[in-house]
Amino acid sequence: MPLEKDFVELCVKTGGKSRKKEENQLWGRQRYTKIHQYFHLANSEQQPERNADNYDPLYKVRPLLDQVRSVCSTVYKPKQNLSVDEAMVAFTGRISFKQYLKNKPTPWGFKIWCCAEAECGYLLNFQVYTGKNGNHQPTEHGQGHQVVTNMVQNHLGKNHSVFFDNFFSSVKLAEDLLKEKTTRCGTIRPNRKDLVEATPATITISTFLTLPKLADL
């Protein structure tokens, strides 16, 4: 286990690139190259077939992703305001779930859904988007609703306020979050479903100011 831990730590530190100075602090260059060649996080023989219902494009790195996400969510207690958004990790190679987001500083790469504390930016939860054919099938309420509820799942019922942009916003999401003692703030697209029925008489700003703040609990 110490070997695996040191190797992962070195890969994170160097960005996955070979750097002689850092490698020689632990091993010789040849040994590092061999460890890099044979290092595995999951048993490839148990990987589901590509057409199987439980196929996971990230199967080979899933144990590491789950461990990082678990640590992120347990070692820090966030303040009241949370933020949900997407982030892009630059990648120009060939892979089935590479995304292109026009007008973004990093247009090509991996898209990652993120939940962070709004004040300091600490990452609380994340999920790599693997495409419509991956393990992210939209629910009946839409992708935005699904992403937000998944990202803040561990923080519902604790009087948090969640901020996000109009990609995620919907009347249904606002109602469901409010049922879980969670308020939301964000712009909304005028063509969202049920927006016409959501008149000021049914959803008002005072509705979202009735929950106590964390400091009052």
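Using only alpha carbons, the stretch 80-171 has a radius of gyration to Kirkwood radius ratio (Rg to Rh) of 0.97.
Restricting attention to the stretch 74-188, lysine pairs at least eight places apart or on different chains and with alpha-carbon atoms under 16 angstrom apart total 10. When each of the peptides 69-77, 182-190 is scored by the mean number of other C-beta atoms lying within 10 Å of its residues, the order from highest to lowest reads 182-190, 69-77. What the phi angles of the stretch 69-77 give under the Karplus curve with 6.51, -1.76 and 1.60, with θ = phi - 60°, is a coupling list of 5, 5, 5, 4, 7, 10, 8, 9, 9 Hz, glycine and proline written as x. For the stretch 99-178, trypsin sites (Lys or Arg not before Pro) meeting the loop criterion (DSSP other than H, G, I, E, B) and having at most 13 other Cβ atoms within 10 Å: K102, K132.
Bear in mind these aren't lab numbers, they're just calculated from the coordinates by the rules spelled out. Treat the numbers as computed from the prediction; the structure is a model and nothing was measured. As a convention, Cβ positions derive from the backbone with ideal geometry for all residues, glycine included, and neighbour counts pool all protein chains shown.
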